[in-house]
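Take this structure, written in structure tokens, and hold onto it; I'll ask about it next.
The values are calculated or read from the model by the stated rules, or taken from the named source; none is laboratory data. These figures come from a predicted structure and were not determined experimentally. Note that we place each Cβ from the backbone using ideal geometry, even for glycine, and neighbour counts take in every protein chain shown. With ligands, DNA and RNA removed, areas are computed over all heavy atoms of the protein, side chains included. Shrake-Rupley method; radii C 1.70, N 1.55, O 1.52, S 1.80 Å.
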Amino acid sequence: MEKKDFEAWLDNISIAFLSLTDLQKNETLDHLISLSGAIQLRHLSNNLEILLKRDFLKLLPLELSFYLLKWLDPQTLLTCCLVSKQWNKVISACTEVWQTACKNLGWQIDDSVQDPLHWKKVYLKAILRMKQLKDHEAFETSSLIGHSARVYALYYKDGLLCTGSDDLSAKLWDVSTGQCIYGIQTHTCAAVKFDEQKLVTGSFDNTVACWEWSSGAKTQHFRGHTGAVFSVDYNDELDILVSGSADFTVKVWALSTGTCLNTLTGHTEWVTKVVLQKCKVKSLMHSPGDYILLSADKYEIKIWPIGREINCKCLRTLSVSEDRSISLQPRLHFDGKYIVCSSALGLYQWDFASYDILRVIKPPDFSNVSLLGFGEIFALLFDNRYLYIMDLRTEKLISRWPLPEYRKSKRGSSFLAGEISWLNGLNGQNDTGLVFATSMPDHSIHLVLWKEHG
């Protein structure tokens, strides 16, 4: 057949073929295939492979591929990585997809990391850690043994745990090894706080004392309270120590001399918590950099300005209810921006700039749950049976860990959170070390620690 006649015939056949139904087209193709020889079948096979297995991800511009990939969930993307080396390379390099997936899991994102393959690896590590939390496999436990009487006071900092006991001693432990670094003779300890050189203790004998770790010597004694001292805090820059007592007062002392500079009154219950912290927000009452003192009793939180001017008046009193049957838990969080405290009504968060309540979180059966730590992403809570992790973005409990029958204290100093930076978002390095510590009836210290990644 001449070329001109063939082209005319082909046009007519094409028009007729397009007018057929799908079933009729299939029958036509079947018939043509049956009439084909080896050369035609080989030609058909080669062209079908190109048409049916076209790698659109390889053919698309990289920017357009990244845009399409953003619509897929991470688990589907991991499956797509198995299609080919090319797909794995393109999908693994889609930084925005993996960063978003990590953020959704509560992971911190460091935008300075330029490696395009980095964030897929981070996501794989994050998904493993979150699965461990969900399956109650993220933690492990250990104990510190050494005291001979009840342990009432705990304080944690930089991998070191200080314990104060009725056996008239305080001990400093390396949490990672379980070894006691220092042990010194003290009075009965109701509260402790330390740094590299010194230990400050609040006691049931109504006094506060400062001790030197290396020698065990008492370097300062603060006398003036008429009730047990349940909480202490200090600042070397200001040369100030503050103490909260069962005598309903807060005292401000000169740290270096032991002189009482002021006695703050107004509480009507035991002062179980004092916190000295720099303000990070501006308002009519304070500016960033100002030192602020918070003191809490069973029903109220009082806010005081502390600085070079020691004689101060209460800026504001916060409470969750006028009902005296509703009491505050003895744990208090203040980071310079927000104040957080829990009660039977829920978890309350105040904006420090305005003193307004930002939100009240009420998880199921919150009446027995207490606050341990509060961050931007997670909160650490506990009750008589479990340690809980809450995702503050959804206000849902995402993990729990069983606790033994620990020693209970109405003042709340016989248990504490360990490392807390992970509450602002995990990053693959800060999920290590101590999570929770509490004193036990047998005078040991029960530790909950992060388990290494599997």
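Give me the accessible area per residue for region 56-135, probe 1.4 Å, as a whole number in Å².
Dividing the accessible area of region 56-135 by its residue count gives 61 Å².
Per DSSP helix of 4 or more residues, -39500 (n - 2.57); summed, then divided by the residues of the chain. What does that give at 222 nm, rounded to the nearest 500?
Result for the chain: -6500 deg cm²/dmol, rounded to the nearest 500.
Just the number please: accessible area per residue for region 198-324, 1.4 Å probe, all protein chains included, in Å².
Spelled out: the 1.4 Å probe surface of region 198-324, per residue, equals 43 Å².
Roughly how tilted is helix 95-104, in degrees to the nearest 10 and between 0 and 90, from the longest Cα axis of the chain?
So the helix axis and the longest Cα principal axis differ by about 40 degrees.
Assuming 1.002 mPa s and 20 °C, estimate D for region 1-100 with Stokes-Einstein, Rh taken as the Kirkwood radius over Cα pairs, in µm²/s.
On the way: Rh = 17.6 Å.
Using the Kirkwood radius from Cα pairs, D works out to 122 µm²/s.
How much net charge surrounds residue 189 when only the other residues with a Cβ under 11 Å from the Cβ of residue 189 are counted, with Lys and Arg +1 and Asp and Glu -1?
Net of charged neighbours comes to 0.
For residue 89, list the lysines whose Cα falls under 29 Å from its own Cα; do not include residues on the same chain fewer than 8 positions away.
Here the lysines satisfying the reach criterion relative to residue 89 are 53, 58, 70, 103, 120, 121, 125, 131.
For semi-axes √(5λ) of the Cα gyration tensor in Å, the choices are [x] 37, 26, 23; [y] 67, 24, 19; [z] 54, 23, 21; which was calculated from the structure?
Given [x] 37, 26, 23; [y] 67, 24, 19; [z] 54, 23, 21, the structure-derived one carries the label [y].
Considering only protein heavy atoms and a 1.4 Å probe, what is the carbon-and-sulfur percentage of the accessible area of the chain?
On the way: 12380 of 23320 Å².
Its accessible area is 53 percent carbon and sulfur atoms.
Taking only protein heavy atoms and a 1.4 Å probe, what accessible area per residue, in Å², does region 372-448 have with all protein chains in place?
On the way: 2890 Å² over 77 residues.
Solvent-accessible surface per residue comes out at 38 Å².
Work through the residues other than residue 376 whose Cβ is under 12 Å from its Cβ and net out their charges, Lys, Arg +1 and Asp, Glu -1.
+1
Residues with beta-carbon under 14 Å from that of residue 258, excluding residue 258: net charge, scoring Lys, Arg +1 and Asp, Glu -1? Provide the component values of the computation, followed by the final result.
On the way: positive: 198, 218, 223, 251; negative: 239.
Neighbour charge sum, excluding residue 258 itself: +3.
Do any of 313/362; 85/451; 85/134; 313/337; 251/278; 198/273 go past 27 Å between their Cα atoms, and which?
Distance filter (> 27 Å) returns 313/362; 85/451; 85/134.
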